[in-house]
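Visitor: One structure follows; several queries about it will come next.
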Amino acid sequence: MGRIQAVFKADGAETAEGYSISEWWLEPHTTGPGAHSHPEDDVFYVLAGTMNFLVGDRWVDAPAGSLVLAPGGTTHDFENRGDERAGALNLSVPGAFEPHMPGIRDWFLANPPGRA
């Protein structure tokens, strides 16, 4: 998806549709998907670099080792404002997230990530 890469580690078929686990990697100074919400909880664990998360109406700087929770229904977003590649492990609960990826990929093709 341009400057963003997603890698699924566990999908709905493997988890009886209970959750999905994916890694999200953003190149330096890359915006994310934009503020959005959905009914599932999102838990993010920062693997490398510093990710910046919008949760509700507040931006949080989250260095490697940080855990960020966006409860279901909460407006959230993420981006990498730093000078190095950053990544986060995402747990989406409940349900499978990966069936949405073709539409998300198509959206990013039409709306490439900008510079953060």
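None of the figures in this text is laboratory data; all of them are computed from the coordinates on show. Since the structure is predicted, the reported quantities are computational estimates derived from the model, not experimental observations. All Cβ positions, glycine included, derive from the backbone under ideal geometry; neighbour counts span all protein chains shown.
Visitor: Can you give the extra length, in nm with one decimal, that the chain gains between HIS38 and GLN5 once fully stretched, where that is 0.36 nm per residue apart less the Cα-Cα distance? Walk me through the numbers before you get to the answer.
Guide: Values: separation 33, 0.36 × 33 = 11.88 nm, distance 2.06 nm.
Full-extension gain reported as 9.8 nm.
Visitor: While we're looking at this one, here's another question. Give the distance, in whole Å, between the Cα centre of segment 1-38 and the Cα centre of segment 50-109.
Guide: 7 Å
Visitor: Residue by residue through segment 66-79, what is 3J(HN,Hα) from phi via Karplus (6.51 cos²θ - 1.76 cosθ + 1.60, θ = phi - 60°)? Round to whole Hz and write x for glycine and proline.
Guide: Working through the residues one at a time gives 7, 10, 10, 10, 10, x, x, x, 8, 5, 8, 6, 8, 7 Hz.
Visitor: If I fit a long axis through the Cα atoms of helix 101-110 and take the longest principal axis of the Cα atoms of the chain, what angle between them do I get, 0 to 90°, rounded to 10?
Guide: That helix lies at roughly 30 degrees to the long axis.
Visitor: For a protection proxy built on the mean count of beta-carbon atoms within 10 angstrom, sort 103-115, 68-80 highest first, please. Write down the numbers at each step before the final one.
Guide: Working: 103-115: 12.7, 68-80: 18.3.
By packing density, highest mean first, the sequence is 68-80, 103-115.
Visitor: Please give the length that would be gained between ASP106 and VAL93 if that part of the chain were fully extended, namely 0.36 nm times their separation in residues minus their C-alpha to C-alpha distance (nm, one decimal).
Guide: Computed gain between ASP106 and VAL93 is 2.4 nm.
Visitor: Taking 1 over the mean of 1/r across every pair of different Cα atoms in the chain, what Kirkwood radius in Å do you get?
Guide: Details: mean 1/r = 0.0712 Å⁻¹.
Roughly 14.0 Å, rounded to one decimal.
Visitor: Would you mind checking which residues have amide H under 5 Å from GLY114's amide H? H placed 1.01 Å from N; only 5 or more apart, or other chain.
Guide: THR31
Visitor: In whole Hz and in residue order, list the ³J(HN,Hα) couplings for segment 8-13 that follow from phi through the Karplus curve 6.51 cos²θ - 1.76 cosθ + 1.60, θ = phi - 60°; x for Gly and Pro.
Guide: For segment 8-13, the Karplus-derived couplings read 7, 9, 8, 10, x, 4 Hz, x marking Gly and Pro.
Visitor: Then there is this: For segment 4-110, what is the relative contact order in percent, using Cα pairs closer than 8 Å and at least 6 residues apart in sequence? Let's see the in-between values first.
Guide: On the way: 273 pairs, mean separation 38.5, N = 107.
Once normalised by length, the contact order is 36 percent.
Visitor: What do the square roots of 5 times the Cα gyration tensor eigenvalues come to for segment 51-96, in whole Å, largest first, as semi-axes of the equivalent ellipsoid? Don't skip to the end; give the middle numbers.
Guide: On the way: eigenvalues 74, 36, 14 Å².
Here the semi-axes work out to 19, 13, 8 Å.
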